[in-house]
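The values are calculated or read from the model by the stated rules, or taken from the named source; none is laboratory data. Keep in mind the model is a prediction, meaning the values are calculated, not measured. Here the Cβ positions follow ideal geometry from the backbone for every residue, glycine too, while neighbour counts run over all protein chains shown. The protein model used for the area step is the full one, side chains on, heavy atoms only, and it has no ligands, DNA or RNA in it. Shrake-Rupley method; radii C 1.70, N 1.55, O 1.52, S 1.80 Å.
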Amino acid sequence: MSGLYVHIPFCVKKCGYCDFLSFADGRRELENEYIDALISELKTHRGKRVETVYIGGGTPSVLTHTNLERLIAVICELWGNETEEFSVEVNPGTLDEKKCDILRKGGVNRISIGLQSADDDELLRLGRIHDTEAFEKIFSLVREAGFQNVNIDLIMSVPGSELFSWERTLRYAAEKKPEHISAYSLIIEESTLFYERYNGGESPELFDEETDRRAYCMTKDILSACGYERYEISNFAKPGFYCRHNVTYWECGDYIGCGLGASGFEDKERYRNTTDIYRYINDPGLGRERVSLTKKEMLQECFFMGLRMERGINLKNLDHRFGIDAEVLFSDVINRLKEEDLVVISEGHLSLSERGFDLENRVDSAFYDACDERVMG
């Protein structure tokens, strides 16, 4: 499977925790020129296979009606006949009926809404521009527009919050009956406003490791009871509603990246566009960095990404892709991790046990080190 990621770097306001390439300053006035450059870059990929599309940001729904329509129309023109899943991120306060209509008519069939919390005080602390009432409006708008595949994004471990508040957020989101829920634990990144505010992640206002683990267990239990399957560490879906685009990432498949700072992976080569918007507008291909991955690096990434999924890694696919017998090559590592109740092998798949999901970093490190020791090239 091959995917297309399209990056929109504009926001109404920069959230305190956000380390994505986005801005809410005067550069938003460059929207028209940016979309011109983005369309130009998209057309350079004409003829490539694209089965899933994901427009993210930033906040794609802040685009003007005209620019949103222009962008969707070009994607539809280039890949409309083959796209199976077409996702767009939206945020409360930035979507209206006309934009919904543009998305529906343009072939978009999956919407991802950034709720993050069902507590208005927590939303303020996160720096969000909306409250729960604004979320209610956008969720109703999306449903009334006919979208039947909707994701809700949530953030676990909001500074200053308690476990009971996280439980309320989970139940609130599940009661809306979206087809998909993403629940990520807050990570304090150096490039964010939160880094200084919360002492680089050492603030008592943040969940400690044990509380974070309890919150994660609560997430799995509550969403499972509401009919959601955990198919990746932080992603839960009703049967048949996995995010196919993200599965491409976790299975280390090929994907195209278009837009400011967007990354792509094709033919064993990773590339990333420039992060300078002025440079990008002048020439979308200028300043693009390319790195060819070695066999060892690709295999390490396959373990790191693949083990995030509930179904784990298909070992036969790994053998075919890299010309190895993974179960033999890593037999000592697998057996040791099995003895520690961290991994299981079932029907040719290597996957994390429930304990392994709690200690994923230990499993990742074991395979990373083993690849370093015994994989050439």
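Computed with a 1.4 Å probe over protein heavy atoms only, the accessible area of Thr64 comes to about 60 Å². A probe of 1.4 angstrom, applied to the heavy atoms of all protein chains, finds Ser365 with accessible area near 60 square angstrom. Quick one, what does Rg over Rh come out to for segment 194-292 if you take C-alpha atoms and the Kirkwood Rh? Dividing the radius of gyration by the Kirkwood radius yields 1.12.
A cysteine counts as unpartnered when no other cysteine's C-beta lies under 4.7 Å of its own; in the chain this applies to Cys11, Cys76, Cys100, Cys217, Cys226, Cys243, Cys252, Cys258, Cys302, Cys371. Dividing the radius of gyration of the alpha carbons in segment 35-91 by their Kirkwood radius gives 0.94 for Rg/Rh.
For the chain, the 222 nm mean residue ellipticity estimated from helices alone, with every DSSP H stretch of n ≥ 4 adding -39500 (n - 2.57) and the total spread over all residues, rounds to -12000 deg cm²/dmol.
Sorting Phe164, Phe304, Phe330 by solvent-accessible area of protein heavy atoms yields Phe164, Phe304, Phe330, largest first, with a 1.4 Å probe. Cross-link reach is defined here as a Cα-Cα straight distance under 21 Å, omitting same-chain residues fewer than 8 places apart; for Lys296 the lysines meeting it are Lys268, Lys316. Pair-distance distribution P(r) for segment 239-377, from all Cα-Cα distances in 10 Å bins starting at 0: 11, 36, 30, 16, 6, 1 percent. For the residues Cys258, Cys217, Cys15, a GNM of the chain with alpha-carbon springs under 10 Å puts the largest fluctuation on Cys217. Distance between the C-alpha centres of segment 314-377 and segment 2-55: 36 Å, rounded to the whole angstrom. In the context of the full protein assembly, Met305 retains an accessible surface of approximately 40 Å², using a probe radius of 1.4 Å and ignoring ligands and nucleic acids. Based on every Cα atom in segment 1-128, Rg and the maximum pairwise Cα distance Dmax equal 14.9, 48 Å. In the chain, what % of DSSP beta bridges are antiparallel (nearest 5)? Of all bridge pairs located within the chain, approximately 40 percent are antiparallel. Consider all pairwise Cα distances in the chain and report the whole-number % of them above 40 Å. Percentage above 40 Å: 14. When the listed pairs Lys14/Lys43; Lys137/Lys177; Lys137/Lys176; Lys43/Lys98 are checked against a 18 Å cut-off, the alpha-carbon distance exceeds it for Lys14/Lys43; Lys43/Lys98. With one equal scatterer per alpha carbon and no solvent term, the Debye-computed log10 I(q)/I(0) for segment 72-220 at 0.14 1/Å reads -0.74.
For segment 113-239, the share of DSSP beta bridges that are antiparallel, to the nearest 5, is 40%.
When you have a sec, figure out the Kirkwood radius of segment 1-62 from all distinct Cα pair distances and drop it here in Å to one decimal? Over segment 1-62, the inverse of the mean reciprocal pair distance is 12.9 Å. Spherically averaged projected area of the convex hull of Cα atoms, segment 159-223: 4.9 nm².
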